[in-house]
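Let me begin by presenting the structure, written as structure tokens, before commenting on it.
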Amino acid sequence: MSELGTQPLISRRITRLSRAQNGALTTEQLHSVGLTRDAIRTRVRHGRLVWLFPGVYAAGDPELMPLVRPTAALLSLGETAVLSHRSAVAVWGLVEADPDTIHVTVVGRNPRLRAGVRIHRVAQLHPADLTTHVNLRLTTPARSSIDFAAEAGSAELHEAFGDGRAKRLINDRKLHAALLRAPHNHPGAAIIRRMLHAGATYDRSKAERVMRRLCREAQLAQPLVNVRLHGFLVDFFWPDARLIVEVDGYGTHGTRQAFENDRRRDQVHIAAGFVVIRVTWDQLRHEPLAVIARVAQALAHRAA
């Protein structure tokens, strides 16, 4: 068969392979379907292949394939690499992905750095903490949450926990089991242990019901709930008053990174002219009158 006649067959093979890998292909795979080094260069020049990482390409425009970059990062880093931390939590649908950084955990190796990839090196990962989802190797929701807790702000961590519980991806049993397998000095594990001990892993739907009841009884305007503002998801928002209320849990303030992330969120909102009130989940449950009094005072002040 002539080279021209083989092109449709090669294209079909590429399509079949790329579909199984979220649009990503390795150089070895491209060679295996019949592309020479020169043919790969030609496809790159014409935009039919896009270089992503050493030895890995996207079969088309990466912007149209949301999972191609994390998949390519894993292919580039080898079989012991798994998606983890924020990137894994995002794939589970619990937070927004960081568009600039892909988090990958690599077991037992020290690979070269890749641009846009943050590598977390560990001696081992228990098989029970690993799984596959949407054609990706990644950590389970419970292990992903433990890793994510070390870097997330309290509001964002509560958001992830609320969604994870609602979607039945995490529960106390799965978290306790994953904590037993995690290194004892893991900073995220310490945060999750405190949250579980303090009962601080609140369900967002419960917080919403409490806040709506308090506003109704106090004859206050009902807030918008879980809306995105300035790139962040806020718990409660009164747009006319430009008032934000965030619900925190005691257990989430276990690292400087979590503290810094929350301050950064608040600074962005305040710089744009919004007022931010932070209350704890315990306050919302056990001191509801004090919480709603502060909210009412802030709404009255903003309306004046």
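The values are calculated or read from the model by the stated rules, or taken from the named source; none is laboratory data. Remember, it's a predicted structure, so these values are computed and weren't measured experimentally. All Cβ positions, even for glycine, are placed from backbone atoms using ideal geometry, and neighbour counts span all protein chains on display.
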Go through the residues of the stretch 191-202 one by one and say whether even a single one is of a type in the set (Ser, Thr, Tyr), buried (at least 19 other Cβ atoms within 10 Å of the Cβ), modelled with pLDDT under 85 and farther than 26 Å from His120 by Cβ. yes
Applying the selection to the stretch 67-92, what residues are among the hydroxyl-bearing types (Ser, Thr, Tyr) and over 8 Å from the mean Cα position of the chain (by Cα)? Thr71, Ser76, Thr80, Ser84
What are the residue pairs meeting all of these: first residue in the stretch 1-14, first residue under 18 Å from Gln29 (Cα atoms), second residue in a helix (DSSP H, G or I) and modelled with pLDDT of 75 or more, Cβ atoms under 8 Å, and 6 or more apart or on different chains? Ile14/Leu30
Tally up the residues in the stretch 250-290 that are modelled with pLDDT of 90 or more, within 20 Å of Phe232 (Cα to Cα) and in a helix (DSSP H, G or I), please. 6
Verdict on Thr131 being of a type outside the set (A, V, I, L, M), over 26 Å from Asp235 (Cβ atoms) and crowded, with 19+ Cβ neighbours inside 10 Å: no
Any chance the stretch 90-109 includes a residue that's buried (at least 18 other Cβ atoms within 10 Å of the Cβ), within 16 Å of Leu17 (Cα to Cα), β-branched (Val, Ile, Thr) and in contact (Cβ under 8 Å) with a residue 12 or more places away in the chain? no
Out of curiosity, is Val122 modelled with pLDDT of 95 or more and of a type outside the set (S, T, N, Q)? no
Filter the stretch 49-105 for residues that are assigned to a strand (DSSP E or B), closer than 20 Å to Asp147 by Cα and β-branched (Val, Ile, Thr) and give the result. Val82, Ile102, Val104, Thr105
If Ile146 satisfies every condition in (1) surrounded by 15 or more Cβ atoms within 10 Å (Cβ to Cβ); (2) modelled with pLDDT under 90; (3) within 20 Å of Trp281 (Cβ to Cβ) but one, which is the exception? (2)
In the stretch 14-32, which residues are closer than 24 Å to Glu63 by Cβ and surrounded by fewer than 19 Cβ atoms within 10 Å (Cβ to Cβ)? Thr15, Arg16, Leu17, Arg19, Ala20, Thr26, Thr27
Could you check the stretch 17-38 and list, in sequence order, the residues that are in a loop (DSSP other than H, G, I, E, B) and touching a helix residue (DSSP H, G or I) at 6+ places or on another chain (Cβ under 6 Å)? Gln21, Asn22, Gly23, Val33, Gly34
Failed criterion for Arg69 (all others in (1) in contact with a Phe, Trp or Tyr (Cβ under 9 Å, 6 or more places away or on another chain); (2) free of Cβ contacts under 8 Å to residues at least 12 places away in the same chain; (3) of a type in the set (D, E, K, R) hold): (2)
Against the definition (acidic (Asp, Glu) and in contact (Cβ under 8 Å) with a residue 12 or more places away in the chain), how does Asp38 come out, yes or no? no
